[in-house]
Amino acid sequence: MPAPDTGFAECTGLEATMNVDEYAEGGRNTGVLKFPGRVRHPSIKLRRGVTSSTDLWQWHEDFLRGHGRRRDGIIQLVNDTGDVVRSWRFQRGIPSRWVGPPVTALGSQIAIEELEIAHEGLIVRSLGAAGEIAGTIASVTQSLGRS
């Protein structure tokens with residue numbers, strides 16, 4: 001299944017929290033030593049108006065049927081002229097929750113669907129996806145000793 005190339009009205013969960021481990025050193029009574037611990041990332045929640053595409057549901061359903069595949073993905077923030085301002089790359093994503101729109105004949109609200117993606121890490125870039133790919137190619141070239 002190809003990666004969806006779509007816009008979203010809302011994205012939450014672009015966050016990383018690092019636990020701080022404390023160590024009370026013997027004989028040091030003025031405080032405790034603090035060390036960086038494990039990093040946790042909450043799930044990313046993407047919301048968009050319902051379209052004719054079922055790509056988000058299909059990815060979720062593949063896991064429900066036991067043959068889903070984890071995916072890496074890129075979330076891009078674009079300005080009003082369409083230029084990428086910042087991008088976030090998530091790693092090893094799993095579509096942990098899909099929510100369809102409430103259906104009522106009495107309302108006139110826009111139908112919204114939501115996908116929640118559990119993942120194993122974020123990489124933040126301010127270059128956009130094209131700049132990130134170019135940066136990766138340059139990095140690989142440097143590591144191979146080419147310029």
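Could you tell me which GluC sites (Glu not before Pro) in the stretch 85-125 are loop residues by DSSP with no more than 13 other beta carbons within 10 angstrom of their beta carbon?
In loop regions of the stretch 85-125 (DSSP not H, G, I, E or B), the sparsely surrounded GluC sites (Glu not before Pro) are E120.
Relative to the compact-globule scaling 2.2 N^0.38 Å, provide the ratio for the alpha-carbon radius of gyration of the stretch 16-89.
Ratio of Cα Rg to 2.2 N^0.38 Å: 1.88.
Run the numbers for H67 and D83: contour at 0.36 nm per residue of separation, minus the present Cα-Cα distance, in nm.
Working it through step by step, the gained length comes to 2.1 nm.
Evaluate the charge dipole of the stretch 1-82 about its Cα centre and quote only its size in Debye, nearest 20, assuming +1 on the Cβ of each Lys and Arg and -1 on the Cβ of each Asp and Glu.
For the stretch 1-82, the charge dipole is close to 220 debye.
At E120 and Y23, where each label point lies 7 Å from the Cα along Cα→Cβ, what is the point-to-point distance in nanometres?
Calculated label separation equals 2.7 nm.
Starting from the amide H of T51, placed 1.01 Å from N in the peptide plane, find each other amide H under 5 Å away whose residue is 5 or more places distant or on another chain.
Those lying under 5 Å, H to H, from T51: there are none.
Here, each number is a calculation from the coordinates, and none is a lab measurement. If you're wondering where the values come from, they're calculated on a predicted model, not measured in any experiment. Neighbour counts run over all protein chains shown; Cβ positions are idealised from the backbone, glycine included.
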